[in-house]
Amino acid sequence: FTSAVISTDIKQAVFDGSVNPSTGDYCEGSVPLLNFVPSNSLATPPSDIIWMRDDVQVSTGLTYQPTQSGSYWPILIDGNNCKNYDLVDSPAIIKVNKPPFASISGSTSVCYNEDVVLYGVFTDPNPALEHSWGGPNLPGGYGNWVTGTTNLALTISGMPPGSYDYTFYTRLATDPTCEGKFTVTVVVHPQVTAPTITYTVTKCQPYTLLLTASGPNVGMYNWSNGMIGQSIEVTQGGAYSVTYTAPTGCSATGYIQAPHNPERALWVVPSGCYTMCLNQGEYLLGPLGIYEGYEWTINGGTTQSGTNTYIPNQPITM
């Protein structure tokens with residue numbers, strides 16, 4: 001008969017301490033970290049922790065931030081990977097309150113020297129719900145807490161080009177520490193320069209003008225005659241405008257009185273012989289419209305001339 005002695009070392013995870021905080025009523029997003037606090041400086045801290053909410057594992061690590069209400073307790077692990085379940089009967093009772101819903105509707109892109117309106121949005125029907133605004137150059141009273149529909153529409157005007165953050169806040173008067181908020185960035189775009197329109201007579205037969213708008217190559221050019229593009233060809237003079245729309249959506253409009261085809265005026269040019277009394281205010285009527293150039297002559301001598309302008313009447317003085 002032989003025998004052998006086997007030595008067995010049974011390890012146990014022993015800890016002394018508690019969960020901190022042990023209880024609390026917090027707003028979502030501001031819940032403090034849960035951690036295990038040894039009872040004194042000589043007590044052994046855990047090497048790791050499994051965090052439980054009731055009987056469901058939610059995380060591992062020496063700290064944990066709850067995201068919902070519940071009963072939280074730690075499974076403490078020592079250096080030998082042994083586990084301690086002693087605190088299952090002493091959980092931390094944490095209440096996590098959701099802040100009142102907050103949102104903002106409205107355009108966040110505005111052209112220079114234009115107004116934009118932001119609308120605060122909440123869904124909580126509680127009459128004790130309060131709201132306020134935050135941001136630069138708020139109208140009077142908009143930074144104060146108010147109830148109902150007061151100050152829900154925020155008009156932003158007169159802002160120089162740049163980016164500006166505006167925040168809509170909500171809270172219950174019964175729990176002012178738990179705030180809901182929603183932030184948008186409003187971009188005020190620089191002023192768009194109105195295009196300048198120039199023309200070139202490219203053909204006489206048929207009469208053809210090339211109209212060209214100054215400005216960037218990117219963006220849209222929409223003409224008053226329905227054509228698009230930075231340059232267009234037209235077959236008659238007159239009033240034209242072009243609206244340039246930048247990629248930002250902001251726009252500006254330029255105008256021109258393009259010269260008419262001289263042939264359209266030939267039927268009103270006086271011809272033949274006339275007899276009249278002098279110094280009775282007689283004059284020759286010039287054709288309507290703008291032409292690239294004109295001259296009035298008397299006996300071959302020029303008395304009036306001009307370019308790209310209306311043609312004045314010619315008085316008869318001799």
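The values are calculated or read from the model by the stated rules, or taken from the named source; none is laboratory data. From a predicted model like this one, the values you see are computed outputs, not experimental measurements. Cβ coordinates were reconstructed from backbone atoms using ideal geometry, including for glycine residues, and neighbour counts include every protein chain displayed. Keep in mind that these areas ignore ligands, DNA and RNA; they rest on the heavy atoms of the full protein, side chains included. Shrake-Rupley method; radii C 1.70, N 1.55, O 1.52, S 1.80 Å.
Assorted remarks:
- Subset of the stretch 31-54 [within 23 Å of Gln12 (Cβ to Cβ) and in a loop (DSSP other than H, G, I, E, B)]: Ser39, Asn40, Ser41, Leu42, Ala43, Thr44, Pro45, Pro46, Ser47
- Those residues of the stretch 115-140 which are in contact (Cβ under 8 Å) with a residue 12 or more places away in the chain, over 18 Å from Cys178 (Cβ atoms), out of contact with any Phe, Trp or Tyr (no Cβ under 6 Å at 6 or more places or on another chain) and in a loop (DSSP other than H, G, I, E, B), in sequence order: Asp115, Asn137, Leu138, Pro139
- Pair list, Cβ under 9 Å, 6 or more apart: the stretch 42-58 residue over 15 Å from Ser18 (Cβ atoms) and open to solvent by 20 Å² or more (accessible area, probe 1.4 Å), other residue among the charged types (D, E, K, R) and part of a strand (DSSP E or B): Ile50/Lys83
- The residue list Gly219, Gly143, Gly180 contains one member that is small (Gly, Ala, Ser), touching a Phe, Trp or Tyr at 6+ places or on another chain (Cβ under 9 Å), over 30 Å from Thr307 (Cα atoms) and touching a residue at least 60 places away in the same chain (Cβ under 8 Å), which is Gly180.
- Subset of the stretch 260-318 [of a type in the set (Gly, Ala, Ser), within 25 Å of Tyr207 (Cβ to Cβ) and not in a helix (DSSP H, G or I)]: Ser271, Gly286, Gly289, Gly293, Ser305, Gly306
- If the condition is being open to solvent by 70 Å² or more (accessible area, probe 1.4 Å) and farther than 24 Å from Pro216 by Cβ, then the stretch 250-269 contributes Gln257, Pro262, Glu263, Arg264, Leu266, Trp267, Val269.
- Hits in the stretch 59-91 (condition: of a type in the set (Ser, Thr, Tyr), open to solvent by 20 Å² or more (accessible area, probe 1.4 Å) and touching a residue at least 12 places away in the same chain (Cβ under 8 Å)): Thr60, Thr63, Tyr64, Thr67, Ser69, Ser71, Ser90
- Positions within the stretch 175-207 being closer than 14 Å to Thr248 by Cβ, assigned to a loop (DSSP other than H, G, I, E, B) and open to solvent by less than 50 Å² (accessible area, probe 1.4 Å), in sequence order: Val192
- Single unsatisfied condition, Pro247 versus (1) open to solvent by 80 Å² or more (accessible area, probe 1.4 Å); (2) of a type outside the set (S, T, N, Q); (3) outside any strand (DSSP E or B); (4) farther than 30 Å from Asn113 by Cα: (4)
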